[in-house]
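Everything below concerns the one structure shown next.
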Amino acid sequence: MTATALDRPVADWLTGHTGRPGPWELRRLTGGNSNETCLLTCADTEYVLRRPPRHALSASAHSVAREHRLLAALEHTAVAAPRPVALCDDAGVPMAPFLVMEHVPGAVSITSELPEAYRGHPDALTRLADEVVDVLAAIHLADWRAAGLGDFGRPANFLERQVPRWYRQWEGIARRPLPMLPRVARWLEENRPDEGPPALLHGDFHLDNCLFSVDEPRLLAVIDWELATIGDPLLDLGLLLAFWGERPRPGMPAIQAVSRLPGAPTREHLLARYRDAVGRPVENIGYYVCLALFKLAAIVEAAYSQYLAGELDTPYAAALEHDVPALLDEAAAAAGLGA
């Protein structure tokens, strides 16, 4: 990671809102279509800076103001998340808008391999899975109204709006035929279950959006909240289960790749633990797995359209040529639809 010294107006804003004198340096941590994430350093203090990507898939999907509000609300709940420090929405400040939050010390993200220290824990994968399920339950059990999120989403008719919303998004950016997408959309519309009480949703919940202790299988924080809303919590669970364990022809195979290591618990284990944690039955989970994959396919197809238009040239975007159809095939399989 190459450090970049920040321009004076940005540095002055940061000093004024953190009390740290500078000098300030910025290092880019991640790319892709999530909000850009950078390590912000001032002397011996580290923060994380988040800002919308240069090629945003949609304005609503990258609102750092919304993410800041959500993180501030989570401080008053049992949900482990980074503490927000400051929000810059001043158009006169270069780089704005951006969000500054605490840097979680001793944290590591886990993708395809376990940290070295975990190898002394024979049940590391099970503990990891349990930590992930437990924090998901905490998110869904959080009193979002008491946390000041009463107007954060539109929970009424949440499920009813999902398929039309994401289908319209795909229609607006489509540059190639995806014949499985309308088939899956039709099945989802015809088989929509009654939804239960609304809850806080993360919106993109899986193991890769969690930070863990580098020393032991212990979850420290859930990150990347830009798609959070209020609605049917089983949509979060559907995405977690969709990417967990063996998958015959996976789309986006790097996500939760660690769940395919020998000794990883089954989807049934995760489902049972979630059910026990929230204290209520979980029904029609296949529907939510299908919907989660359909939604994701519709969202990330926008990045592939940008790739085809020459606006985005990354390995991630190029891989969507095959990943999006594979996601839709998995959605169809969850629905019991034939090829």
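Summary table below
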{"quantity": "Selection within segment 119-161 - of a type in the set (S, T, N, Q) and more than 14 Å from PRO198 (Cα to Cα)", "calculated": "THR126"}
{"quantity": "Criterion: closer than 24 Å to GLU113 by Cβ, in contact with a helix residue (DSSP H, G or I) (Cβ under 9 Å, 6 or more places away or on another chain) and not small (Gly, Ala, Ser) - qualifying residue of ASP323, ASP313", "calculated": "ASP323"}
{"quantity": "Number of the exception - ALA228 against (1) within 14 Å of the chain's Cα centre (by Cα); (2) over 23 Å from ASN35 (Cα atoms)", "calculated": "(2)"}
{"quantity": "From LEU181, LEU207, residue being within 26 Å of ALA137 (Cβ to Cβ) and either among the hydrophobic types (A, V, I, L, M, F, W, C) or buried (at least 20 other Cβ atoms within 10 Å of the Cβ) (or both)", "calculated": "LEU207"}
{"quantity": "Tabulated pairs, segment 252-263, first surrounded by fewer than 22 Cβ atoms within 10 Å (Cβ to Cβ), second of a type in the set (Ser, Thr, Tyr), C-beta under 7 angstrom, 6+ apart or interchain", "calculated": "ALA254/THR111; ALA254/SER112; ALA257/THR111; ALA257/SER112; VAL258/THR111; VAL258/SER112"}
{"quantity": "Failed item, numbered, when ALA72 is tested on (1) surrounded by 14 or more Cβ atoms within 10 Å (Cβ to Cβ); (2) closer than 21 Å to HIS206 by Cα", "calculated": "(2)"}
{"quantity": "Residue among ALA124, ALA80 that alone is more than 28 Å from ALA11 (Cα to Cα) and not assigned by TED's automatic domain parsing to the domain that holds ASP215", "calculated": "ALA80"}
{"quantity": "Any pair with Cβ under 7 angstrom, 6 or more apart, that starts in segment 149-176 at a residue that is within 16 Å of GLY203 (Cα to Cα) and ends at one that is exposed (fewer than 12 other Cβ atoms within 10 Å of the Cβ)", "calculated": "none"}
{"quantity": "When residues of segment 80-121 are limited to those that are over 25 Å from THR37 (Cα atoms) and in contact (Cβ under 8 Å) with a residue 40 or more places away in the chain, the one surrounded by the most Cβ atoms within 10 Å (Cβ to Cβ)", "calculated": "TYR118"}
{"quantity": "Residues located in segment 226-243, provided they are within 25 Å of PRO82 (Cβ to Cβ), out of contact with any Pro (no Cβ under 9 Å at 6 or more places or on another chain) and among the hydrophobic types (A, V, I, L, M, F, W, C)", "calculated": "LEU227, ALA228, LEU235, LEU237, LEU239, LEU240"}
{"quantity": "Every residue from segment 264-274 that is of a type outside the set (Ser, Thr, Tyr) and either surrounded by fewer than 17 Cβ atoms within 10 Å (Cβ to Cβ) or touching a strand residue (DSSP E or B) at 6+ places or on another chain (Cβ under 7 Å) (or both)", "calculated": "GLU268, HIS269, ALA272"}
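The values are calculated or read from the model by the stated rules, or taken from the named source; none is laboratory data. What you are looking at is a predicted structure, and each value in this text was computed from that prediction instead of being measured. Every residue, glycine as well, gets a Cβ built from its backbone with ideal geometry; the counts of neighbours run over all protein chains shown.
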